[in-house]
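The values are calculated or read from the model by the stated rules, or taken from the named source; none is laboratory data. This one's a predicted model, so the numbers in the text were calculated from it and none came from an experiment. No Cβ is skipped: glycine too gets one built from the backbone with ideal geometry, and neighbour counts run over all protein chains shown. The accessibility values were calculated without ligands, DNA or RNA, using every heavy atom of the protein model including side chains. Shrake-Rupley method; radii C 1.70, N 1.55, O 1.52, S 1.80 Å.
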Amino acid sequence: MRKIDLSNFQVASSETARDINRRIVLNLIRGHQPISRADLARHSGLQRSTVSIITEQLIAEKWVTEGAIGHVPRGRRPRFLHLNKERVGIIGIDLRPAVTTIALADLDAHFVAQESMPTANDPEQFIADLVPRLGNLMKMRPDISYEGVGVSLPGRVDLASQRLVFAPNLAWRDVDLKTPLEKATGLPVELENAANACALAETWFGSHTQGVSNLIAITVSEGIGDGLILNHELVRGSTGAAGEFGHTTIVEDGLECRCGNRGCWEMYASNSAAIRYYAQSISPARNAKLEKSMLLSFDDVLRLAEQNDPKAVRAIDQMAHYLGVGIALLVTGLAPDVIVVSGEVTRLWNQVGPIINETVKARCFTHAATRIVPTDPATLPRLRGTIALVLQKHFWAPSVA
Ligand SMILES: [Zn+2]
């Protein structure tokens with residue numbers, strides 16, 4: 001149940017009903033493909049004639065295609081419908097502080113092309129680097145009908161201005177990515193915070209979402225992001241900044257964070273924190289060697305931990321403990337069905353998972369039955385999220401009232 005918003009509603013017209021039915025049919029095709037029109041009518045409860053009108057429209061718009069002819073005992077043999085994967089493409093961009101990945105995906109979020117480029121320090125330079133690559137990607141597949149561009153960002157997008165407004169680990173302030181990218185591609189561009197994108201990816205393509213209406217995605221990288229889906233809806237807050245648990249204080253008067261606050265969760269539980277823990281443990285003459293430690297990457301620490309290097313193992317343990325401390329807050333405060341953790345650290349889930357679970361268990365007395373699971377990094381959750389971002393406009397329930 002949702003309260004009707006009297007400042008922003010749309011009365012139900014026959015168009016609204018058509019739009020809702022269209023989305024239901026599109027989702028039924030996605031869920032049951034290949035499927036005949038007769039089965040669509042049966043699953044949806046819509047009249048055959050209505051199903052025919054909707055499917056003709058979806059075929060004309062290239063969302064759906066007719067495939068093999070089915071076999072029935074008697075009567076006209078039906079033609080099966082399925083999503084037009086080969087013809088509809090979505091461009092996904094995963095912007096991270098060091099590297100940006102660009103990909104072309106089909107409607108099932110299978111990536112048919114993918115490349116990476118270094119992320120320039122300056123946003124204008126970044127756009128200048130990116131635009132020709134997008135052009136080349138689209139030229140490679142001129143037969144495809146492009147639906148849009150989804151961008152996952154290490155920061156927050158202001159709901160009203162659609163500008164990137166909060167990206168401490170990128171050190172960009174108030175940047176308009178949407179206008180230049182729309183101009184360059186001629187496609188609608190959807191921007192979203194990386195953690196929100198991961199939450200969408202999990203809801204859309206994930207393996208942990210059967211019967212789940214409350215899900216939190218936690219992205220662990222240079223910083224920590226959280227994407228919240230509560231009652232099937234992405235939580236955005238008043239300006240789009242909801243979910244910044246990574247920048248809530250867990251250590252009073254703790255380390256200074258790039259956001260300006262002190263003692264932020266991400267200062268203790270991110271990849272950067274693990275690098276710091278490791279660097280501090282290998283260096284008795286701390287200051288002299290800390291310089292050197294800046295050359296260390298999180299991948300180095302992970303690799304050492306995988307080889308059972310005791311100091312690297314301890315650094316990861318410490319990071320896992322603090323991940324648990326923050327996750328305990330989320331479990332106690334929001335009692336989600338599932339929390340999905342993504343990031344390179346999930347490679348060591350056998351080590352990290354039990355520490356997180358123990359910490360949560362020791363701190364949560366509400367009996368929330370929250371499952372804490374890692375995402376498979378091979379599924380590229382941030383990038384998949386960008387695909388979901390573009391698809392949700394067509395597949396998700398509309399907010400009409
Ligand atoms: Zn912070």
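Can you give me the number of residues within region 79-106 that are within 16 Å of ARG382 (Cα to Cα) and out of contact with any Pro (no Cβ under 8 Å at 6 or more places or on another chain)?
Initial filter on region 79-106 (within 16 Å of ARG382 (Cα to Cα)): 90-106.
After this cut, where a residue has to be out of contact with any Pro (no Cβ under 8 Å at 6 or more places or on another chain) as well, the list is 90-94, 101-106.
Adding up the residues that qualify gives 11.
Which of (1) in a helix (DSSP H, G or I); (2) of a type in the set (Val, Ile, Thr); (3) away from the ligand (no atom under 16 Å from the Cβ) is the odd one out, the single condition THR239 does not satisfy?
(1) is the only condition that THR239 fails.
Select, from LEU81, LEU104, the only residue that is closer than 20 Å to VAL189 by Cβ and in contact with a Gly (Cβ under 9 Å, 6 or more places away or on another chain).
Working: LEU81 fails: closer than 20 Å to VAL189 by Cβ.
Result: LEU104 is the single residue among LEU81, LEU104 that is closer than 20 Å to VAL189 by Cβ and in contact with a Gly (Cβ under 9 Å, 6 or more places away or on another chain).
Out of (1) part of a helix (DSSP H, G or I); (2) open to solvent by less than 50 Å² (accessible area, probe 1.4 Å), what's the single condition that is false for ALA184?
(2)
Among (1) closer than 30 Å to THR239 by Cα; (2) buried (at least 21 other Cβ atoms within 10 Å of the Cβ); (3) not β-branched (Val, Ile, Thr), where does TRP63 come up short?
It fails just one condition, (1).
Among the residues of region 1-50, which ones are outside any helix (DSSP H, G or I), basic (Lys, Arg) and at pLDDT 90 or above?
None - no residue of region 1-50 is outside any helix (DSSP H, G or I), basic (Lys, Arg) and at pLDDT 90 or above, so the list stays empty.
A quick yes/no check of all residues on (1) assigned to a strand (DSSP E or B); (2) open to solvent by less than 10 Å² (accessible area, probe 1.4 Å); (3) farther than 25 Å from TRP172 by Cα:
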site	(1), (2), (3)
ASP94	yes, no, no
LEU107	no, yes, yes
SER116	yes, no, no
GLN125	no, no, no
ASP129	no, no, no
ARG133	no, no, no
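Would a scan of region 256-272 turn up a residue that is assigned to a helix (DSSP H, G or I), open to solvent by 40 Å² or more (accessible area, probe 1.4 Å) and more than 10 Å from the ligand (Cβ to nearest atom)?
Taking every residue of region 256-272 in turn, at least one turns out to be assigned to a helix (DSSP H, G or I), open to solvent by 40 Å² or more (accessible area, probe 1.4 Å) and more than 10 Å from the ligand (Cβ to nearest atom).
Among (1) within 16 Å of the ligand (Cβ to nearest atom); (2) part of a helix (DSSP H, G or I), there is one condition SER281 misses while meeting the rest; what is its number?
Condition (1) is where SER281 drops out.
Among the numbered conditions (1) in contact with a helix residue (DSSP H, G or I) (Cβ under 6 Å, 6 or more places away or on another chain); (2) in contact (Cβ under 8 Å) with a residue 60 or more places away in the chain; (3) within 16 Å of the ligand (Cβ to nearest atom), tell me where ALA217 comes up short.
Answer for ALA217: the failing condition is (3).
Just one of (1) farther than 23 Å from VAL99 by Cβ; (2) hydrophobic (A, V, I, L, M, F, W, C); (3) in contact with a His (Cβ under 9 Å, 6 or more places away or on another chain) trips up CYS259, so point out which.
All conditions are met except number (1).
Hey, any hits in region 224-231 for a residue that's open to solvent by less than 10 Å² (accessible area, probe 1.4 Å), farther than 24 Å from TYR268 by Cβ and in a strand (DSSP E or B)?
yes
Can you tell me which residue among ALA167, ALA195 is within 18 Å of THR239 (Cβ to Cβ), of a type in the set (Gly, Ala, Ser), modelled with pLDDT of 90 or more and within 16 Å of the ligand (Cβ to nearest atom)?
Among ALA167, ALA195, only ALA195 is within 18 Å of THR239 (Cβ to Cβ), of a type in the set (Gly, Ala, Ser), modelled with pLDDT of 90 or more and within 16 Å of the ligand (Cβ to nearest atom).
Can you pull out every residue in region 242-255 that is more than 9 Å from the ligand (Cβ to nearest atom) and open to solvent by 20 Å² or more (accessible area, probe 1.4 Å)? Step through it out loud before you land on a result.
Restricting attention to region 242-255, the residues satisfying the condition of being more than 9 Å from the ligand (Cβ to nearest atom) are 242-243, 245, 250-255.
The answer is ALA242, PHE245, ILE250, VAL251, GLU252, ASP253, LEU255.
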